[in-house]
Amino acid sequence: LLQACGGGLVQPGGSLRLSCAASGRIFNTYNMAWFRQAPEKDREFVAAVRLMSGSRTYYLDSVKGRFTISSDNAKNTVFLQMNSLKPEDTAVYYCAAGKTILSTTRDSRAYEFWGQGTQVTVSS
């Protein structure tokens, strides 16, 4: 239902764009988000777009100003543009879809569908 891609190896300061393609049913009904999980760490909220609420966006504080979440409604796809990448951004990134409310936007338990994950490695 969710297909994520776009990860890779990039040097510090570089950029990557992740994509998450969703089925039409998902995209027209659910809010979308990106989470990440680094080795031996809990899954962490990164960014969300509330497609069902005017496409308002939300970000983890440490990625504000560097990452941008956006959507292409015609292609049922959500993007995560990541600029000025840092080694601490290294993780497996997952896209997710859920019928979230405002208070659960950052809660992974509120998301029903998950993509397979794509590895992002920031290293020189």
From Leu85, Leu16, Leu80, residue being hydrophobic (A, V, I, L, M, F, W, C), open to solvent by 20 Å² or more (accessible area, probe 1.4 Å) and at pLDDT 95 or above: Leu16
Selection count, the range 28-39, where residues are at pLDDT below 95 and either open to solvent by 10 Å² or more (accessible area, probe 1.4 Å) or on the phi > 0 side of the Ramachandran plot (or both): 4
Residue, modelled with the lowest pLDDT, within the range 65-77, restricted to residues that are small (Gly, Ala, Ser) and either in a helix (DSSP H, G or I) or closer than 22 Å to Gln119 by Cβ (or both): Ala74
Filter pass, Leu80 being within 14 Å of Val120 (Cβ to Cβ), of a type in the set (A, V, I, L, M, F, W, C), assigned to a loop (DSSP other than H, G, I, E, B) and out of contact with any His (no Cβ under 6 Å at 6 or more places or on another chain): no
Those strands (runs of 3 or more DSSP E) lying entirely in the range 1-64 with at least 2 residues in contact with a Lys or Arg (Cβ under 6 Å, 6 or more places away or on another chain), of a type in the set (D, E, K, R) and within 19 Å of Tyr111 (Cβ to Cβ): 44-50
Of all residues in the range 43-61 being modelled with pLDDT of 95 or more and open to solvent by less than 50 Å² (accessible area, probe 1.4 Å), the one that is nearest to Arg25 (Cα to Cα): Ala48
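The values are calculated or read from the model by the stated rules, or taken from the named source; none is laboratory data. Please read these numbers as outputs of a predicted model, since none were measured by experiment. Virtual Cβ from ideal backbone geometry, glycine too; neighbours counted across all protein chains shown. In case anyone asks, the SASA skips ligands and DNA or RNA and just uses the protein heavy atoms, side chains included. Shrake-Rupley method; radii C 1.70, N 1.55, O 1.52, S 1.80 Å.
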